Amino acid sequence: MRVLVTGASAGIGGAICKRLARNAKRDGKTLQIAASEYAQTPDNDAIRIELEDMGAKVITPYADLSDPNGPTLLVETAAEEFGGLDAVVSNAGLVIPGLMKDLKVEDWDLVMNVNTRAGWLLGKAAYPHLKASKGAYLAIASMSGLGPHPDLGAYSPSKAACINVTAMMAMEWASDGIRCNSIAPGMIRTPFTANVYSNNELANARNDVVPLGRVGLPEDIADVAAFLLSDDARYVTGQNIVVDGGFASSILGHIPGRPSKKE
Ligand code: NAP
């Protein structure tokens, strides 16, 4: 598989890269992977070394995905190096907390540009390559895209649009043999959320509200990502798969005064 993964750091992106490398090794194949980052960092070197140790051919291109040229640059670099692309994972994302009444236009724009526009531009640039390979596109959205997530500024609207853009591409490109899906992770322990989980009380409180009894790990998302990119998902397109331990579905269980069966 020839794949580009954005935001390929220690969090969900890094776990996806490692899962794809492990699967390729298991299948006796060589993964060719562009593990891209915002900038050249020690994190990036660490993931490159780990992936190479698993037998993958790795490049680590970097670009600012808030720049409209960033996504195209990454796709072109990867496609040129590998002679095409079989998959693109739009994983990079950010949150700038804020209230709707106070939010600055530049914060709205930055979040929308990285979380939504960059995903579309990655897909747009990769389209000819994915058409040639009958490949797959995957966006890492969020459960925050399923409904309003107060105090998180443009994050929730950006992820709702990310899910919709992915479904748009899925419908327009299905006849070309390209599959496009998104994953909506729930609460996942990553560098993105490290502050929250460094507080034990808060971490336990979060575990308690998840029906499966724990907050998620990057590997919980990576396993579903690997499935969606694989031939096992050959008949799956236009879907948003919620991977949250049941949290988003649990809302009706919290209604006070639920009727109980009369004896
Ligand atoms: P993470 O480790 O912080 O990953 C986010 C990545 O995006 C980082 O590598 C970051 O680079 C990169 N990025 C941010 N702005 C960028 C820009 N302008 N250009 C290029 N790259 C940029 O966090 P994560 O939790 O694994 O997040 C991965 C994805 O999952 C995100 O889209 C996030 O919204 C989504 N998600 C996470 C959770 C969760 O609970 N963790 C839940 C739902 C959805 P730097 O490190 O250099 O800033």
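So the values come out like this:
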| quantity | calculated |
| --- | --- |
| Test result for V111, assigned to a helix (DSSP H, G or I), over 16 Å from L74 (Cα atoms) and open to solvent by less than 60 Å² (accessible area, probe 1.4 Å) | yes |
| Given (1) away from the ligand (no atom under 15 Å from the Cβ); (2) part of a loop (DSSP other than H, G, I, E, B); (3) crowded, with 19+ Cβ neighbours inside 10 Å, index of the condition V236 fails | (3) |
| Test set (1) of a type outside the set (D, E, K, R); (2) crowded, with 16+ Cβ neighbours inside 10 Å; (3) assigned to a loop (DSSP other than H, G, I, E, B) - T72 fails condition number | (3) |
| Inter-residue pairs, beta-carbon under 8 Å, first on the phi < 0 side of the Ramachandran plot and in contact (Cβ under 8 Å) with a residue 24 or more places away in the chain and in the stretch 125-150, second open to solvent by 30 Å² or more (accessible area, probe 1.4 Å) and polar (S, T, N, Q), 6+ apart | A125/T72; A141/N240; G145/N240 |
| Hits in the stretch 37-73 - residues which are near the ligand (Cβ under 8 Å from one of its atoms), over 20 Å from K124 (Cα atoms) and under 19 Å from the mean Cα position of the chain (by Cα) | A39, D43 |
| Search result, residues across the stretch 84-125 that are closer than 21 Å to W173 by Cβ and away from the ligand (no atom under 16 Å from the Cβ) | G84, L85, D86, A87, K124 |
| Single residue of the stretch 139-162 satisfying the filter (under 20 Å from K101 (Cα atoms) and not in a helix (DSSP H, G or I)) that is most open to solvent (accessible area, probe 1.4 Å) | P148 |
| Any hit, the stretch 195-216, residues being among the aromatic types (F, W, Y), near the ligand (Cβ under 10 Å from one of its atoms), in a helix (DSSP H, G or I) and free of Cβ contacts under 8 Å to residues at least 60 places away in the same chain | yes |
| Filter result (open to solvent by less than 10 Å² (accessible area, probe 1.4 Å) and farther than 23 Å from L130 by Cα) within the stretch 1-14 | G11 |
| Single residue of the stretch 15-63 satisfying the filter (open to solvent by 60 Å² or more (accessible area, probe 1.4 Å) and part of a loop (DSSP other than H, G, I, E, B)) that is modelled with the lowest pLDDT | Q40 |
| Residue that is in contact with a helix residue (DSSP H, G or I) (Cβ under 6 Å, 6 or more places away or on another chain), assigned to a helix (DSSP H, G or I) and surrounded by 14 or more Cβ atoms within 10 Å (Cβ to Cβ), where the choices are V224, V242, V165 | V165 |
| Unique residue being surrounded by fewer than 15 Cβ atoms within 10 Å (Cβ to Cβ), touching a Ser or Thr at 6+ places or on another chain (Cβ under 7 Å) and small (G, A, S) when the list is A174, A205 | A174 |
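The values are calculated or read from the model by the stated rules, or taken from the named source; none is laboratory data. Quick caveat, the model's predicted, so the values are computed rather than measured. Positions of Cβ are backbone-derived with ideal geometry, glycine not excepted, and every protein chain shown enters the neighbour counts. The accessibility values were calculated without ligands, DNA or RNA, using every heavy atom of the protein model including side chains. Shrake-Rupley method; radii C 1.70, N 1.55, O 1.52, S 1.80 Å.
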